[in-house]
Amino acid sequence: RKEVEQDPGPFNVPEGATVAFNCTYSNSASQSFFWYRQDCRKEPKLLMSVYSSGNEDGRFTAQLNRASQYISLLIRDSKLSDSATYLCVVNNVYSGNTPLVFGKGTRLSVIA
Amino acid sequence: EAQVTQNPRYLITVTGKKLTVTCSQNMNHEYMSWYRQDPGLGLRQIYYSMNVEVTDKGDVPEGYKVSRKEKRNFPLILESPSPNQTSLYFCASSDLPGLATTDTQYFGPGTRLTVL
């Protein structure tokens with residue numbers, strides 16, 4: 001099983017739709033979790049951290065399920081500007097492995 | 001302005017000609033790392049460094065070297081580049097992973113390398 005797995009997509013959704021991505025991780029000792037956004041040919045940028053209790057930032061909601069070892073990202077009322085690749089990132093620093101592990105990303109296209 | 005800079009941004013070279021890609025950050029971060037990104041393979045870590053003079057291999061270190069003589073700089077060295085090292089390279093820095101409130105990775109703008 002790969003360390004961090006994401007559905008590569010693409011997810012093609014109309015403007016205004018709600019879309020959800022999941023990301024599974026294999027290391028039960030993983031400490032912290034993040035979602036990054038990457039626009040085409042640009043550098044990744046932090047979208048939001050994922051807290052145990054779940055957290056929301058505007059139209060974006062992140063959830064963590066430690067028992068099932070997955071995190072999710074929900075985007076409500078999708079905008080054209082949300083089109084990007086979303087990367088799941090897992091921090092394994094205390095497990096002795098490579099500290100930060102990136103998923104391959106899920107591509108989202110929001111269509112007018 | 002807090003930033004990570006990489007140079008050059010674009011480079012076309014030939015097999016076997018040694019090259020260095022520089023990376024510099026102005027945020028006093030302990031942790032720095034290099035990634036390569038290839039279609040269908042995502043971001044793969046090449047090397048990382050937890051502090052000055054401390055470097056470790058990532059997932060794909062073969063063919064690369066790094067050094068961390070100063071906190072702000074983390075150059076990536078390709079002693080004898082080969083065509084399979086054609087890729088988009090990103091440098092990143094952050095506070096040490098594990099400090100829950102400061103885990104944001106700041107990425108440089110990327111270096112697109114082509115090895116002929």
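Laboratory data are not the source of any read-out in this text; all were calculated from the coordinates shown. All figures in this text were calculated on a predicted structure; none of them were measured in a lab. Every residue, glycine among them, receives a Cβ derived from its backbone with ideal geometry; neighbour counts consider all protein chains shown.
Lysines near B:Lys17 by alpha-carbon distance under 29 Å, same-chain residues fewer than 8 away left out - which ones?
Of all the lysines, those that pass the test against B:Lys17 - Cα under 29 Å, at least 8 places apart if same chain - are A:Lys42, B:Lys57, B:Lys65, B:Lys69, B:Lys71.
Would you mind calculating the gained length between A:Ser26 and A:Ser68 on full extension (0.36 nm times residue separation, minus the Cα-Cα distance), in nm to one decimal?
14.1 nm
For the protein assembly as shown, can you list the cysteines whose C-beta has no other cysteine C-beta under 4.7 Å from it?
Those would be A:Cys40, since no other cysteine Cβ in the protein assembly as shown comes under 4.7 Å of theirs.
When you look at the Cβ of every residue in A:100-107, what mean number of other chain Cβ atoms sits within 10 Å?
4
From zero up to wherever the largest Cα-Cα distance of chain A sits, split into 10 Å bins and tell me the percent of pairs in each.
Here the calculated profile for chain A is 15, 49, 30, 6, 0.
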